[in-house]
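Each remark here refers to the structure printed beneath this line.
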Amino acid sequence: MACVRYTEHIVNEVSWASEVRLFRKKSNFWLNIMNLPVLHPIFVHFPIVFLLGSSATALAYLHWQSRPDLRLLTWWMLPAGWLSLLVTIITGIIDQGGLPPDAPYRTILNLHTTSGLILALLYGDLLYRGWLHWSRQQSGSRKPGREAVTGDFLDQPGRKWPLTIQLLLGIGLVVWSGWLGGALVYVWGVNVGQ
């Protein structure tokens, strides 16, 4: 009995996949006119590598060795990861434009999109605060009642554990978002064979 239900589930998924392909052909008018390929899979690997690499080097700098090369790698990979994340989010939103609004995988797709937007905010915050620290240090400005800004943003007292939590949260979100994207492709076949 369970085998029959599982088989029916697989048959329903296969028929749903053919309905999705038919819907995409009918509803992708503008994408068909512009003849755009599915772009999201091309860019998706860059933010994963850069953001995970930046987080790993920042954590190594904070908790293992305060080596300048680890700090340099952190600040070189973070902007590249954040900018490639923005490109990936934009291409993902464009690519989902032709998908049916009532698809059974819509919840997973919405979670995947939301996690990408949260990642942009999370790493954008880190990048902005690092840039703000750097620009204050370069200009020599300081807040009233505080000492002048010196050193790197990662070296500031009291920031080790909040940064650690933010970086670990970022790593977890990158992995979770990637897992959701993999489920969309390998379980539901979203944008496969386009």
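The numbers here are math on the coordinates, done by the rules we state, and not lab data. On a predicted model such as this, the values are computed, not experimentally measured, just so you know. Backbone-built Cβ (ideal geometry, glycine too); neighbour counts: all protein chains shown.
Spin-label pair W179-D125: with each label point 7 Å from Cα along the Cα-Cβ axis, the two points sit 2.2 nm from one another. Over region 91-194, the hull volume per residue, using the convex hull of the C-alpha atoms, is 139 Å³. In region 33-138, Cα pairs under 8 Å separated by at least six residues give a relative contact order of 30 percent. Based on Cα atoms of region 84-142, Rg over Rh with Rh as the Kirkwood radius reads 1.25. Extension gain for Q156 to V187 (0.36 nm times residue separation, less C-alpha to C-alpha distance): 6.7 nm.
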